[in-house]
């Protein structure tokens, strides 16, 4: 059984999950090793996508392989789980989202809250 904290901007709730999650790309069960060339496998050296990194050229070069574990996408500010993605221009993102948050996932609600908090951008605070 897994327990995730899901928090929206107003309250905190506990949600229990008791299903086995499969990799959306190769179909392997959680806790098992991905099938070779799966786009979800993580490189043991750089911790990025194994398929697109250049750390290892062949499977035989890998010192070990990291098993699949579902990592839900969480909003960095409110903790909302697997919120839908939305498009924002790079200029707007850098204008309204302070640097410590720029490399993290934010839900649309929190992004809109930042725009209200910094109507002329975070750099223009007096």
(request) Determine, from the Cβ-Cβ distance of residue 62 and residue 102 and an R0 of 35 Å, the FRET efficiency 1/(1 + (r/R0)^6), rounded to the nearest 0.05. (result) 0.65
(request) Pop the C-beta distance of residue 25 and residue 124 into the FRET formula with R0 = 35 Å and round what comes out to the nearest 0.05. (result) 0.25
(message) Whole percent per 5 Å bin, from 0 to the bin with the longest distance: what is P(r) over all C-alpha pairs of segment 73-126?
(response) 4, 21, 32, 26, 12, 4, 1
(request) State, in angstrom, two size descriptors of segment 10-126 derived from its alpha carbons: Rg to one decimal place and Dmax to the nearest whole number. (result) 18.6, 57
(request) May I ask for the equivalent-ellipsoid semi-axes of segment 21-71, computed as the square root of five times each C-alpha gyration tensor eigenvalue and listed largest first in whole Å? (result) 18, 10, 10
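Readers should treat all values here as calculations from the given coordinates under stated rules, not as data from a laboratory. This one's a predicted model, so the numbers in the text were calculated from it and none came from an experiment. Note that we place each Cβ from the backbone using ideal geometry, even for glycine, and neighbour counts take in every protein chain shown.
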